[in-house]
Amino acid sequence: MKIIISAAAESIDAEVDQRFGRSANLILVDTESLDWESFRNPGMAASGGAGVKAAQFVAGLDPDAVISGDFGPNAYEALLAADISMYIFNERVNTIRSVVKEFKKGDLIAVSSPTSAGKHGS
Amino acid sequence: MIIAVASGKGGTGKTTVATSLARSLDVQGASLLFLDADVEAPNSHLFLKPEIEHTRDVGVRIPEVNQEICSLCGKCAEVCQYHAIAVLGKKVLVFPQLCHSCGSCTLMCPEGAISEKQNVIGVLEHGPAQDGFRYFRGVMNVGEPMALPIVRLLKQWAGESDESQVVVIDAPPGTSCPMVEAVCGADFLLLVTEPTPFGLHDLKLALQIAAKFTIPVGVIINRDGLGYQGVDEFCAEAGLSIIIRIPFDRSIAEGTARGRTLLDIYPSYKTAFQNLFKEISNYGVGSRWPRP
Ligand code: SF4
Ligand code: SF4
C-alpha cells in the first residue's frame, strides 16, 4: 500500500507535522518495502487554499491513504473527491516510521469528517 | 458629508459612538443615512431599532464546471492563485469560500467547460431607523470568509451621497480590506480607542489606513480614566485632536449593553455630538493625517 504522511523534515525518521495543508514535507511510503520518497509540500507557501493545493498534489501521487494530524474542511472535501482515505495520528506516533507501524497494526483512526474548522482564506 | 467611525479592533465602543452620533444630529430624516458596514457582526440595529423594509441578496460569481465537457486538463487549477478550483481524481472541484471571483479560470478553460453562477454570501437591508433617518446594513452569512463585496455593495446600494446629505458609517473593526473599503471616500474619520497599550497599538494601525486617504482624523477615547497616559501622549505629540472622552462609567457600560446610546444614558452627549458635528463640518477640529 502507498501512504502519504505529513512530516517536519525530509526523511522516514523525521518527526510528524500535525498540519496537512501547511506541513513542510509530504512523505510517500510503501508500507511493505518501506521505500520512501519525500516531497516539499506545495501548500506550505500558499497564501490561501493551502489544504486544496496540498490535496491536489497528493492526489497526483495517487496514494491509498494520507495520514496527518488535522484535515480542515477544504482539504477533507478535496481528498474525499479524489477517493483517498484519511487517517489521523494517535498519541503514540512521533516519527514517520512509527506512523507506518501504527497504520499497519490498524491502530489509526480513519477520518469521516473535517477534523477542524479550518482557516478561511489562509 | 461622510463620517466614518472606525477602530483598530472590535469591542472598543465604535458602534456606541456611531449610533450616538447619528441619533444626536438634527438633520431631516431623508438627509441622514446610517450605514452599518460591520457586516461580520452588525449590531447597530440594537441601538437604532430600524424597521427593515427592503432586503436583497449579495451574491458573488463563482465558477461551475460542466464535467461532461471538461477534459481534466488542469488549466483552471493552474491559473487560480487562490487554489479555489482543483482537479481531483476524475473531477474538478470548486471551493466557493476560497474563490475571489476573478474569472481567470473561466477565461482560461480551453474546453469552455466553465460557466459562472451566483453564490449568495449575505444580504443587504434597508429601512427607517426609529428616529426616522435612513438605515442600511449588510449582514454576512455565518461562515462566509469575504466581507469586502458586501461592504462595497452596501455603499453602492445606499447610493451616491450629495453635499446636503450626512452619512454615518459604522466601519468594520481592524484594518483589513473591508475596513479600507468602508472608510474610502469619507470626509472625516473618527477613530475610537481605549486608553491602554493595546488601544494605542491599534490606533497606530488605523492611522496607517487614514494616511492612505489623507482625510482628517479625530480621536475618541472610550473608557477614559483607566490610568494609562500613552494614548494622550501619542496624540499630543502627533498633533491629533482627542475630540470626545467617554469616561469609564458603570451606567454607560450597563446602558450600552442594553441597547441604549450615550444620549439615552446622559442627555448632555447630544450637545457634545452636535458640537462635534458642527466642528467637523467646518473642519474646525480633526487633523489632516499625515500632517502636511
Ligand atoms: S474565479 Fe478566480 S478565484 Fe475563483 S476559482 Fe476561478 S480563478 Fe479561482
Ligand atoms: S480548464 Fe476547463 S477543461 Fe481544463 S480541467 Fe479546468 S474545467 Fe476542465
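Here, each number is a calculation from the coordinates, and none is a lab measurement. None of the values given here were measured: they were computed from a predicted structure. Ideal geometry is used to build each Cβ from the backbone, glycine not excepted, and the neighbour counts take in all protein chains shown.
A few comments on the model shown:
- Overall, chain B carries a charge dipole of about 260 debye about its Cα centre when +1 sits on the Cβ of Lys and Arg and -1 on the Cβ of Asp and Glu, all other atoms neutral.
- Once the Cα gyration tensor of the range B:125-175 is diagonalised, semi-axes √(5λ) in Å: 22, 13, 11
- J(HN,Hα) series, the range A:20-36, from Karplus relation 6.51 cos²θ - 1.76 cosθ + 1.60, nearest Hz, glycine and proline x: 8, x, 10, 5, 5, 10, 10, 10, 8, 10, 8, 5, 8, 8, 6, 5, 9
- Placing one equal scatterer on every Cα of the protein assembly as shown and applying the Debye formula, the log10 ratio I(q)/I(0) at q = 0.07, 0.12, 0.14 Å⁻¹ is -0.47, -0.95, -1.08.
- Karplus-based coupling profile of the range A:41-58, in residue order and whole Hz: 7, x, x, 4, 9, 5, 6, x, x, 4, x, 5, 5, 5, 5, 5, 5, 4, with θ = phi - 60° in 6.51 cos²θ - 1.76 cosθ + 1.60 and x standing for Gly or Pro.
- Listed residues B:142, A:52, A:74: farthest to the positive end of the dipole of the protein assembly as shown (Cβ charges): B:142
- Put simply, when B:176-187, B:106-117 are sorted by average Cβ atoms within 10 angstrom per residue, most first, you get B:176-187, B:106-117.
- Spatial separation of Cα centroids for the range B:135-200 and the range B:75-110, in angstrom: 30 Å
- Cysteine residues of chain B whose Cβ has no partner cysteine Cβ closer than 4.7 Å: B:70, B:73, B:80, B:99, B:102, B:109, B:177, B:184, B:235.
- Overall Cα dimensions of chain A - principal axes, largest extent first, Å: 37, 26, 25
- Cα centroid of the range B:245-281 to Cα centroid of the range A:10-29, whole Å: 56 Å
- Given B:155/B:204; B:117/B:155; B:9/B:278; A:53/B:75; B:49/B:270; B:9/B:204, the pairs whose alpha carbons are separated by over 20 Å: B:155/B:204; B:117/B:155; B:9/B:278
- Reported value for chain B: 148 Å³ per residue, from the convex hull of its C-alpha atoms.
- Size of electric dipole in the range B:60-120: Cβ of Lys, Arg +1 and of Asp, Glu -1, about Cα centre, debye, nearest 20: 100 debye
- Cα-centre dipole for the range A:2-110 with unit charges at Cβ (Lys and Arg positive, Asp and Glu negative), debye to 20: 220 debye
- Note on chain A: helix-only mean residue ellipticity at 222 nm, from DSSP H runs of 4+ residues weighted -39500 (n - 2.57) and normalised by residue number, equals -7500 deg cm²/dmol.
- Under Karplus coefficients 6.51, -1.76 and 1.60, residue-wise ³J(HN,Hα) of the range B:96-104 in Hz, glycine/proline x: x, 6, 9, 6, 9, 6, 7, x, 4
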